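Accompanying notes for the structure given below.
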Amino acid sequence: MLAIIGGSGLAQLPVLEVTHRQVVRTPYGDPSCALTYGKLAGQNVVFIARHGYGHSLAPHEINYRANLWALHNQGVKGVIAIGTVGGIRPDMAPGRLVVPHDIIDYTWGRKHTYFEGPERPVVHVDYTSPYDGGLRRRLGEAIAATGISGVRDGVYACTQGPRLESAAEVLKLERDGADIVGMTGMPEAGLARELELPYAHLCLVSNWAAGKGGRSSVEFDPATGASGVAAVMACLEMLLRAN
Ligand code: HPA
């Protein structure tokens with residue numbers, strides 16, 4: 001069974017045939033909300049809304065450890081994480097789907113590891129390739145099969161938020177090698193690796209990053225949001241159908 005983590009604009013999966021919900025407690029506290037079980041494209045999936053049902057949790061308030069632990073405890077075989085991002089690279093225009101291949105973590109002060117505390121060993125997991133190759137390939141094939149405008153690679157910069165970046169900050173991210181910028185990719189992806197859970201990110205570009213795309217301000221276009229959710233859903237259904 002695959003797990004799907006929904007981001008901004010995706011507090012529920014529109015076409016999920018819900019079978020039941022389950023409240024899960026973890027040694028790390030409470031997840032963002034109950035887990036929702038159901039069928040999507042005929043396959044069993046479990047879904048969690050990263051920001052909670054009512055989008056009440058800011059990126060730095062999310063209990064990433066509890067969310068990933070809860071999913072891992074359900075025995076899921078992999079995680080597809082959905083998130084919105086700002087586009088930095090010229091081809092990362094609003095409305096596009098991106099499957100990043102690498103990540104840079106600029107967050108701070110978030111609970112970002114399971115390997116801490118007196119009872120836990122010190123473990124340094126390999127993180128050369130943060131995302132699972134198999135899941136990335138399946139996402140790329142699903143995007144291609146739906147004919148949606150997508151990019152199969154990119155470096156994701158994870159900023160702390162909740163404010164957006166300044167134009168100078170985005171230029172710095174660009175110089176660092178980042179192609180897209182979001183606020184929730186870390187520590188989520190790192191925790192999945194610590195749990196040895198295959199994890200891949202499906203990003204929807206919701207706006208040009210600050211100072212990019214010829215605009216002076218970051219704008220979230222609701223039309224892009226609506227068609228973006230449809231594109232994300234089409235891609236997920238295609239991936240599951242091809243299973
Ligand atoms: N910056 C950071 N996070 C984001 C953005 C952005 O421009 N758009 C959507 N999530």
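Just so you know, all these numbers are worked out from the coordinates, no wet-lab data involved. Treat the numbers as computed from the prediction; the structure is a model and nothing was measured. Here the Cβ is made from the backbone with ideal geometry for all residues, glycine too, and neighbour counts use every protein chain on show.
Assuming charge only on the beta carbon of Lys and Arg (+1) and of Asp and Glu (-1), the dipole of the chain about its Cα centre is about 340 debye to the nearest 20.
Annotation: extensible slack from residue 137 through residue 230 equals 31.4 nm (criterion: 0.36 nm per residue apart, minus Cα-Cα distance). Counting lysine pairs in the chain whose alpha carbons fall under 29 angstrom apart, excluding pairs fewer than 8 residues apart on the same chain, gives 4. Put a dot 7 Å past the Cα of residue 168, heading toward its Cβ, do the same for residue 56, and the two dots end up 3.8 nm apart.
Cβ crowding within 10 Å ranks 104, 88 as 104, 88, fewest other Cβ atoms first.
For the pair residue 124 and residue 176, label points projected 7 Å from Cα toward Cβ lie 2.1 nm apart. For the chain, modelled as a GNM whose springs connect Cα atoms under 10 angstrom apart, the maximal fluctuation among 12, 22, 160 occurs at 22. Over all orientations, the chain has a Cα convex hull whose mean projected area works out to 12.4 square nanometres. If you run the Gaussian network model on the chain, springs between alpha carbon atoms under 10 Å, then out of 69, 208, 108 the most flexible one is 108.
Relative to one another, the C-alpha centroids of region 1-74 and region 105-180 are positioned 19 Å apart.
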